[in-house]
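The values are calculated or read from the model by the stated rules, or taken from the named source; none is laboratory data. Just so we're clear, the structure is a prediction, and the values are computed from it rather than from any experiment. Glycine gets a Cβ as well: all are built from the backbone with ideal geometry, and neighbour counts include every protein chain shown.
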Amino acid sequence: MNNNKKVIEVSDLTRKFGKFTAVDSISFDVKEGEIFGFLGANGAGKTTAIKMLIGLLSPTSGKATVAGYDVYNQSEQIKKSIGYMSQKFSLYEDLTIAENISFYAGIYGLTDEQINDKTDLLLKKLDLENSRNELIKSLPLGWKQKLAFSVAIIHDPSIAFLDEPTGGVDPITRRQFWNLIYEAAENKRTIFVTTHYMDEAEYCDRVSIMVDGRIEALDSPANLKSKYDSATMNDVFIQLARKNQVKE
Amino acid sequence: MTVVEVRGLTKKYGKKPAISNLSFDVNEGEIFGFIGPDGAGKTTLFRILTTLLLPNEGNAKVLGKDVVKDYKYLRQRLGYMPGRFSLYMDLTVEENLKFFASIFNTTIEENYDLIKDIYSQIEPFRERRAGDLSGGMKQKLALSCALIHKPQLLVLDEPTTGVDAVSRKEFWEMLKRLKEQGITIIVSTPYMDEAILCDRIALIQNGSILKIDTPNGIVSGFRKNLFSIKANNKYDTIKFLESYEFADSVYPFGDSIHYLDIRENLNSNDLLFDLQSKGIADCKVAVIEAGIEDVFMSLMKENRDEQ
C-alpha cells in the first residue's frame with residue numbers, strides 16, 4: 001500500500017437535522033487499498049457520515065468526493081463505484097444463493113455471461129458449490145456474511161463500505177471474514193469499515209474515532225495507542241468516547 | 001443455594017435440535033455467562049428458563065420450581081430482558097417503566113431503590129419516547145423495566161450486542177452492583193472480553209456446552225503452547241502460516257497473530273528460526289498465556305473437527 005492516491009476526500013463535511021448537528025465539520029482522506037476503520041460510540045454520527053459518502057443523504061455543507069465523484073451531484077456514479085454491506089445484510093432470505101448472486105449482479109449491470117462466470121467463481125471461492133440452490137435463510141450467519149460481502153463487491157468496485165459486518169458471529173468466523181477483507185485490500189480495493197469489536201480496529205491501517213459528530217482522533221492503531229498511552233485500542237476508544245459522554 | 005438446575009434439556013425445531021442435552025447449575029448470587037455466537041442456542045435456552053418456551057426433553061428448575069408446571073409462580077419472580085428490547089417505542093421512558101411496574105402489580109416508587117442507580121441516568125429524558133433514545137439509553141431503560149418487580153433471577157439475552165465499548169463497560173458495572181444486592185444474573189454475550197467479568201461461564205456452540213468453569217479455570221486449563229507473532233506484513237505472514245506444515249491454527253489477534261503448532265515442546269526461538277528460514281524475516285515470536293477467546297476458538301475447532 002505504498003501509493004498515495006486518494007479515493008475518498010472529505011473536508012468540513014457537515015449534516016444538521018433541524019437544530020441538531022449530527023456530523024460536525026469532519027475532514028479526512030482515505031488512500032487506495034487502505035483498510036480504514038471508522039469508529040465511534042452509538043449515536044456519534046457514523047451512520048449519517050456514511051450515508052453522505054455513499055450518496056444516500058445530502059450534506060448540509062462541506063465537501064466530499066468518493067472515487068473521484070462529488071457527493072452533491074454525482075451520487076449515481078458513486079453508487080456504481082462502491083460496494084455497500086450493511087449490518088442487516090441485504091440478501092433475500094427466500095431466494096437461493098445463486099439467485100441472490102445473479103440478482104445483485106444484474107442490478108449492477110453485469111451481462112448474463114459475466115453473471116454466470118462470477119457466480120461459478122464466487123461459489124467456488126466460498127466453498128458453496130454444493131449449496132448453490134439452497135435458500136439463504138437456511139444458511140448459518142457466518143456464511144451469509146461472507147456471501148453478503150462477496151455480493152457487495154461483485155461489480156468490482158474500487159471502494160467497499162462495510163457497516164458493522166461482523167456483529168454476532170463466532171470468533172473464528174469473524175477472523176475468516178477479516179481474511180476476506182485483507183485479500184480485497186491486497187487487490188487494491190479500499191475498505192471503509194465500522195465495528196464495535198476493538199480488536200478489529202487493530203486490523204485497520206488507519207482508524208478514525210468519532211465523538212459527538214466530530215473526528216477526535218485519526219491515525220494508525222500503533223500511533224493512537226502510543227499517543228493515548230494505552231495498551232489496546234479498547235482503552236484508546238474508552239478514553240476518547242467517555243470524554244463527552246456524560247452530558248447526553 | 002442452587003437457583004437454576006438444568007438436566008438433559010433439549011429443544012428441537014422440526015428435526016433440528018436448537019439445544020441438546022444441556023445440564024448445568026447456577027448458584028445464588030452469581031453472574032453466570034453463556035458465551036457463544038448467534039445460533040448457538042442461547043435464546044432458546046433462556047426462553048425455556050423464563051417459562052416462555054416448552055422443552056422437548058429434560059427438565060429445568062428455577063428457584064426450586066419447575067419451569068413448565070410452575071410458570072405462574074416463576075413469572076412473578078423472574079426478570080427477562082430479551083435480545084431485542086421489549087420496550088414500547090411509542091411510549092415515553094416513564095410510561096414504559098410504569099407499564100412494566102403495573103403489570104407486576106407494583107409501582108416505580110416501591111422498588112425505586114433497586115433501579116435508582118440505572119434509571120437516574122435516563123430520568124432526565126423521562127418525557128422522551130423510547131424510540132428516540134440512543135442504543136445505550138434504550139438498554140438502560142430495558143434493564144430498569146426488567147428489574148422493576150424486584151426479581152430474584154435476572155435473565156439477560158445479549159444485552160450488549162451492537163452497543164459501543166463505553167456503554168458495554170458501564171452496563172457491566174451496573175450488573176456488578178445488582179449482584180451485590182443479591183440478584184442472581186444469567187447473561188449471554190458474543191463478546192469474549194465480557195466473559196472475564198462473570199463468576200462462571202459456559203462456552204456454548206451448536207446447542208451444546210463445550211465447557212463450564214470460572215474464567216480463570218478455563219484459561220488455566222489450556223495446555224497448548226500459544227505463540228504470539230508480530231510481523232511487518234501481517235497478511236503475508238498469515239497466508240504463509242496457514243500453509244505451514246506444522247500449523248494447528250492461525251488467527252489474527254489485535255495487532256499480532258496467535259498461532260498454535262502441532263509439535264509439542266516447540267519453543268519460540270525454534271519457531272522464529274524456522275519462520276526466518278522460510279523467508280518471513282521481519283517478525284517477533286513469543287509464547288503467551290491464552291485468553292478466553294483463544295480457548296474458545298480452540299475448543300470450537302476441536303468440536304468442528306470431530307463432527
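Against the test of being within 14 Å of chain A (Cβ to nearest Cβ) and either surrounded by 16 or more Cβ atoms within 10 Å (Cβ to Cβ) or on the phi < 0 side of the Ramachandran plot (or both), the options B:Asn232, B:Asn225 yield a single qualifying residue, B:Asn232.
Going by what's in this entry, would A:Glu202 be described as within 19 Å of B:Asn233 (Cα to Cα) and free of Cβ contacts under 8 Å to residues at least 40 places away in the same chain? Criteria met by A:Glu202. For region B:129-147, a tally of residues being assigned to a loop (DSSP other than H, G, I, E, B) and either modelled with pLDDT of 95 or more or of a type in the set (Ser, Thr, Tyr) (or both) returns 1.
Scanning region A:162-179 turns up one or more residues that are away from chain B (no Cβ under 14 Å) and crowded, with 19+ Cβ neighbours inside 10 Å.
Of the strands (runs of 3 or more DSSP E) entirely within region B:1-101, those holding at least 1 residues that are loosely packed, with under 15 Cβ neighbours inside 10 Å and of a type in the set (Gly, Ala, Ser) occupy B:2-13, B:16-27.
Taking the condition acidic (Asp, Glu) and either part of a loop (DSSP other than H, G, I, E, B) or within 14 Å of another protein chain (Cβ to nearest Cβ) (or both), does B:Glu158 pass? Judged against the criteria, B:Glu158 is a match.
Quick one: in region B:207-225, of everything that is polar (S, T, N, Q) and more than 23 Å from B:Glu5 (Cβ to Cβ), which residue is farthest from the chain's Cα centre (by Cα)?
The residue in question is B:Asn225.
Considering (1) farther than 30 Å from B:Glu194 by Cβ; (2) within 14 Å of chain A (Cβ to nearest Cβ), the lone condition that B:Ala290 does not fulfil carries the number (1). Evaluate region A:210-225: report whether one residue or more is crowded, with 21+ Cβ neighbours inside 10 Å, within 12 Å of another protein chain (Cβ to nearest Cβ) and in a helix (DSSP H, G or I). The answer is yes; a qualifying residue exists. Taking region A:152-184 as the range and being in a helix (DSSP H, G or I) and of a type in the set (A, V, I, L, M, F, W, C) as the test, the residues that pass are A:Ala152, A:Ile172, A:Phe177, A:Trp178, A:Leu180, A:Ile181, A:Ala184.
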